[in-house]
Every structure is written in C-alpha cells, then in structure tokens.
1. Within the stretch 66-85, work out how many residues are of a type in the set (S, T, Y) and open to solvent by 40 Å² or more (accessible area, probe 1.4 Å).
2. Looking only at the stretch 86-107, which residues are over 16 Å from D23 (Cβ atoms) and either modelled with pLDDT of 95 or more or open to solvent by less than 50 Å² (accessible area, probe 1.4 Å) (or both)?
3. Regarding G146, is this residue without any contact (Cβ under 8 Å) to a residue 24 or more places away in the chain and either touching a Pro at 6+ places or on another chain (Cβ under 6 Å) or at positive phi (or both)?
4. Which residues, taken from the stretch 50-107, are more than 23 Å from E32 (Cβ to Cβ), part of a helix (DSSP H, G or I) and aliphatic (A, V, I, L, M)?
5. Every residue in the stretch 136-150 that is assigned to a loop (DSSP other than H, G, I, E, B) and at pLDDT 85 or above, please.
6. Considering only residues of the stretch 1-46 that are touching a residue at least 24 places away in the same chain (Cβ under 8 Å) and either on the phi > 0 side of the Ramachandran plot or among the basic types (K, R) (or both), which is most open to solvent (accessible area, probe 1.4 Å)?
Amino acid sequence: MPDLQWDDVEELLDTNRIGSLPDVYVQEASVEDWQAVFDLIRAQGWAWEYYEGDRKRELPAAVDVLFRPDDAECVTLRVWPVSNVQMIFRPWLGEIDFDVNLRQLQGQAGVDILCDVLCAIGRRLGKPVLMCSEFDSFDSRSPVLGFDPAADRVVLMADRI
C-alpha cells in the first residue's frame, strides 16, 4: 500500500495553496550527507545533470561542490527520478534543499513517485525529509508532509500548518 493516497493529499498539494514548486529539505546536512545523496542518485539510476552557472559538468565529489570559492557560479543539480518528473537540488552546506514541480506529480502515480524519492533519501540519510510551501520563509517553514524515519514512511504533517 502506498505511503499516501491521492484522495488524502489532493487538496493539500494544490498549487494555489503551497505553490507549484514546494521546497523539500533535510536539515543539518553534512558534506557526507550530500555525498550520500549524490551516490544515491547514481545508484538509483536516476537521470541527472549538474551545472555550474549555465555550463553542464560532470558531478564532482560533494566536498568540491560545497567548498567552492565565494565568487564561484551557482550550482544546480537537476534530477529526474522518472522521465517526466524533475527535481532541482541547490547544494549548499548545512541543508539539503530541492524543489519539486507539483504539476508533474498529480494523481496517485505522482504521489507515489514523490514518496519513493523522499523515502529513498530519508532512508539513506536516516533523517527526516520535509516538504513545505514555496511561500514559507526559511525561518518559518511548516512542513505539510515528509519522510519520518521512526515510521519509515512518508506521513502528513498538515496539522502543523
């Protein structure tokens, strides 16, 4: 049985309510956590593209991504766990942060893909993987759902909104 049912989250995942690009994050992420995510992406066989500015590059080790000069171009890691679903990671030290496009995750199939990705990352790191509205500020995020390591599944957190 899936972690979440579309009927239970359809209203919660409404793009008018939380935006079309909600933020997903793992707090207190180390260089090792980022490397574990890079390794997971490769191990899962997910398609990916790494960019420094607008130049596509090979994905370096996490330590090389996270400890770049202050004047270095911004980096992004675009990941496709399935061909029609893109997630955009923005590597920076202290937190794993990425966006998901809810327009690509409609229906039960979309919810299942989202849960699969959150579970894969959460299980690899042994940490919560939380999703909040794109309208939340960094200091006042209220997760709507997330991977709960104790439950070993994605759970609703909408009562925290």
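The values are calculated or read from the model by the stated rules, or taken from the named source; none is laboratory data. The structure displayed is predicted, hence computed values, not measured ones. Here Cβ is always computed from backbone atoms with ideal geometry, including for glycine, and neighbour counts include all displayed protein chains. Protein only, heavy atoms only, side chains kept; ligands, DNA and RNA dropped before computing areas. Shrake-Rupley method; radii C 1.70, N 1.55, O 1.52, S 1.80 Å.
1. Filtering the stretch 66-85 for residues of a type in the set (S, T, Y) gives 76, 83.
Checking the rest, the ones that are also open to solvent by 40 Å² or more (accessible area, probe 1.4 Å) come to 83.
Count: 1.
2. Initial filter on the stretch 86-107 (over 16 Å from D23 (Cβ atoms)): 93, 106-107.
G107 - this is the single residue of the stretch 86-107 that is over 16 Å from D23 (Cβ atoms) and either modelled with pLDDT of 95 or more or open to solvent by less than 50 Å² (accessible area, probe 1.4 Å) (or both).
3. Details: without any contact (Cβ under 8 Å) to a residue 24 or more places away in the chain: no; either touching a Pro at 6+ places or on another chain (Cβ under 6 Å) or at positive phi (or both): yes.
So G146 fails the test.
4. If the condition is that a residue be more than 23 Å from E32 (Cβ to Cβ), part of a helix (DSSP H, G or I) and aliphatic (A, V, I, L, M), then L102 is the only one that fits.
5. Taking the stretch 136-150 and keeping what is assigned to a loop (DSSP other than H, G, I, E, B), we get 136-137, 141-142, 149-150.
Residues satisfying the conditions are S142, P149, A150.
6. Checked the stretch 1-46; the qualifying residue most open to solvent (accessible area, probe 1.4 Å) is E28.
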